[in-house]
Amino acid sequence: MNSVTLLVNGPGELWGWCRPLTRELKRRNKNVTIWILPCQFASGREGHAAMALGADEVKGPYSSANTLRAMNHHETDGIIQLGGDLFFGRHMGQKGKVPLFCYTYGRKKGLEHCSGVFTAFESMARSISPNAAVVGDLVKEGILMDDGPSPWLDRQGLKLVLFPGSRPAIRAKALPYLMEVVSLLREQTGPLQVATLLSPFSKAEERETWRSAGLNPAMAGTGVVLKNADMALTQPGTNTLELMHMGIPALVAVPFAFLREIPISGLKGLIASLPIFGPAVKEKVLRWKANHRTSYLAWPNRLSQSQIMKEVVGELSSKDVVREISALWFDHEERRAQKIKLCQLSGRSIETPSKKLCDMIERLCINE
């Protein structure tokens, strides 16, 4: 394959998966197109960020109909889909009569039509397909690409990282909540440094808002910020894998106060987007799912099938969250045990997953 198209869904896939894979493909002198698919989880700035990743061309995001129309005329030698509905990848593959490959953390409809399916860990492969190949976690490789100045001062005290979410609406809701958490936490823990990891796609005005609030939005990448951190307060998502790979103990919190800002997919998502009663429907659906969940939320917990990172879900006041963070901070043995388990899990990931993935795809293409 001389030209490769990477189909990318949301911000997590673009930064965590597409970034290291684009670098490896360019090392192999491939012509790379990053195609951003329609995604309700998007921030709206993915296209701008994708331009900085070194691809030869960036397309999208368009509406679903316009995406399909544009794909009818797109020329490429192969497709690697990184998140999103495989309908798009299958459509492009069929129109261009080229192979479709998929990197995924979980099962999805249409995988049987792919020329190759790849994932990060053995436990993920078992849940996806007998044919899924383990190549390692691209997120682990991605955080090693991060750079920038460290946000930490060289002094004693708790160094806490805040992950307020990838979408602007969630972060806007989280801002006053986290301001209160930090204020109360200073009373509990004494010396405290905070660094907030906003989305790489956030605007300068938003960063200034968080800076004015005293929450120190980091200018560096996640890997740099986590390097000397003690703990993190986070939501479920790819960020829990970043924390795992850096060995940072964390509290995973889902306050019900934020439910109306969390996007949901499918028909329920369409109903939830309706004005007036839509947000109430969304909150009801997510409350039900949270109260009836049968699996863990944080990726390290899901991979180990045990609660390594503590998860708290429900009507959580800022005092509730502070209580949990303080307990973990003062429990040195628990933090040490969590760090060891996280590092052990991270060690299960194959090194240089982008190289492994590209090697396997090249072999599959030769054998076809």
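The values are calculated or read from the model by the stated rules, or taken from the named source; none is laboratory data. As the structure is a computational prediction, the values presented were derived from the model and not from experiment. Every residue, glycine among them, receives a Cβ derived from its backbone with ideal geometry; neighbour counts consider all protein chains shown.
Entry remark, the range 14-47: residues being of a type outside the set (A, V, I, L, M), outside any loop (DSSP other than H, G, I, E, B) and either surrounded by 23 or more Cβ atoms within 10 Å (Cβ to Cβ) or at pLDDT 85 or above (or both) number 15 in total.
For the range 124-157, which residues satisfy the criterion of being crowded, with 22+ Cβ neighbours inside 10 Å, assigned to a helix (DSSP H, G or I) and among the charged types (D, E, K, R)? Of everything in the range 124-157, those that are crowded, with 22+ Cβ neighbours inside 10 Å, assigned to a helix (DSSP H, G or I) and among the charged types (D, E, K, R) turn out to be 140, 141. The set of residues from the range 349-368 being in a loop (DSSP other than H, G, I, E, B) and loosely packed, with under 15 Cβ neighbours inside 10 Å comprises 351, 368. Modelled with pLDDT under 90 and part of a strand (DSSP E or B), is that true of residue 254? Answer is yes for this residue.
Residues of the range 158-173 that are buried (at least 20 other Cβ atoms within 10 Å of the Cβ), under 18 Å from the mean Cα position of the chain (by Cα) and either of a type in the set (D, E, K, R) or farther than 17 Å from residue 231 by Cα (or both): 166, 167, 171. Note on the range 168-221: among residues that are in contact with a Leu (Cβ under 6 Å, 6 or more places away or on another chain) and among the β-branched types (Val, Ile, Thr), the one that is nearest to residue 139 (Cα to Cα) is 196. In the range 200-212 there is no residue that is closer than 26 Å to residue 303 by Cβ, more than 17 Å from the chain's Cα centre (by Cα) and not hydroxyl-bearing (Ser, Thr, Tyr).
With the structure loaded, tell me whether residue 47 is closer than 23 Å to residue 239 by Cβ, touching an Asp or Glu at 6+ places or on another chain (Cβ under 6 Å) and outside the structural domain of residue 169 (by TED's automatic domain parsing) or whether it fails that test. When the stated conditions are applied, residue 47 does not pass them.
Restricted to the range 49-78, and to residues there that are touching a residue at least 12 places away in the same chain (Cβ under 8 Å) and polar (S, T, N, Q), the residue that is farthest from residue 96 (Cα to Cα) is 63. Only one entry of 184, 197 meets the criterion of being surrounded by fewer than 21 Cβ atoms within 10 Å (Cβ to Cβ) and in contact with a helix residue (DSSP H, G or I) (Cβ under 8 Å, 6 or more places away or on another chain), and that entry is 184. Going by what's in this entry, would residue 70 be described as assigned by TED's automatic domain parsing to the domain that holds residue 361, part of a loop (DSSP other than H, G, I, E, B), modelled with pLDDT under 95 and of a type outside the set (S, T, N, Q)? Taking the combined requirement at face value, the residue does not satisfy it. Of the residues making up the range 311-348, those that are outside any helix (DSSP H, G or I) and more than 25 Å from residue 125 (Cα to Cα) number 7. Restricting the range 98-121 to residues that are aromatic (Phe, Trp, Tyr) and within 14 Å of residue 79 (Cα to Cα) leaves a set whose member that is farthest from the chain's Cα centre (by Cα) is 101.
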